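Structure first, commentary second.
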Amino acid sequence: MLGGETIAALPLFTPVIIVGGIVSGMFTPTEAAIAAVVYSLFLGVVVYRTLAWRKVLRVSMDTVETTAAIMLIVAASAIFAWILTANQVALHFADFLFAFTDNKVAVILLITVMVLVIGCFMETIAAITILVPVLLPIAVKIGIDPVHFGIILILNLMIGLLTPPVGMVLYVLSKVANVPFERCVTATAPFLIPLVFVLLLLTFIPELSMWLPTAFYR
């Protein structure tokens, strides 16, 4: 028999499975999520016995509904990404950058603003697919380390997940919590200030994000 303290501590292993599995290389992020769900089902059905199979079915149907709503957003974002690609918007912007200025700080700032704006309108994977081939050569040309550029790009697009009109995280939060989308936007808006501040720090002080890769891999 497991003691009460042991049983109470079991849910705390969920983030250990997620983070530890990804960091150790045992899981991809998707596989880590699956492992966490399986572990949670095991706790609910076998250990605590508070989760009946009928409730599992209902939760599964809710998940299908939420996923379908998200996939519709992703589909709309993919169409928008195709329009941008067909019109070579990213390529035109790259030409504009060097026609406008060759100052490193100005180019970095323009790239940051561009990615931040695009992240508000485009799904993350589509944005990465379109932007990286265009912006990475520009970043390398002005002396930005590719790892540093990757950190800037991902953090920019992560902030975009919290901003309308295509704020994927906002739509998920609204659906799961059954809260109006507008209320989610209002509640998360104050957190954008420290996020943008951190983005600027990481962008213009490369040592903050590069010390660990430099220490271990360079």
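All of the numbers you see were taken from the coordinates with simple rules; none came from a lab. What you see is a predicted model; the values in this text were computed from it and never measured. Here Cβ is always computed from backbone atoms with ideal geometry, including for glycine, and neighbour counts include all displayed protein chains.
Counting only DSSP H runs of at least 4 residues, each contributing -39500 (n - 2.57), and dividing by the residue count of the chain, the helix-based mean residue ellipticity at 222 nm comes to -25500 deg cm²/dmol. Result for the chain in a Gaussian network model with C-alpha springs under 10 Å: among 205, 18, 108, the largest mean-square fluctuation is at 18. The loop-placed trypsin sites (Lys or Arg not before Pro) in the range 49-89, going by DSSP, that have at most 12 neighbouring Cβ atoms within 10 Å of their Cβ come out as 49.
Listed from fewest to most Cβ neighbours within 10 Å, the set 136, 155, 43 follows the order 136, 43, 155.
Among [x] 19.1, 62; [y] 17.3, 54; [z] 21.2, 72, which is the computed Rg and Dmax of the Cα atoms in Å? Calculated Rg and Dmax of the Cα atoms in Å: the matching label is [z]. Considering only 187, 32, 76, the mean-square fluctuation computed in a Gaussian network model of the chain, springs between alpha carbons under 10 angstrom, is largest for 32.
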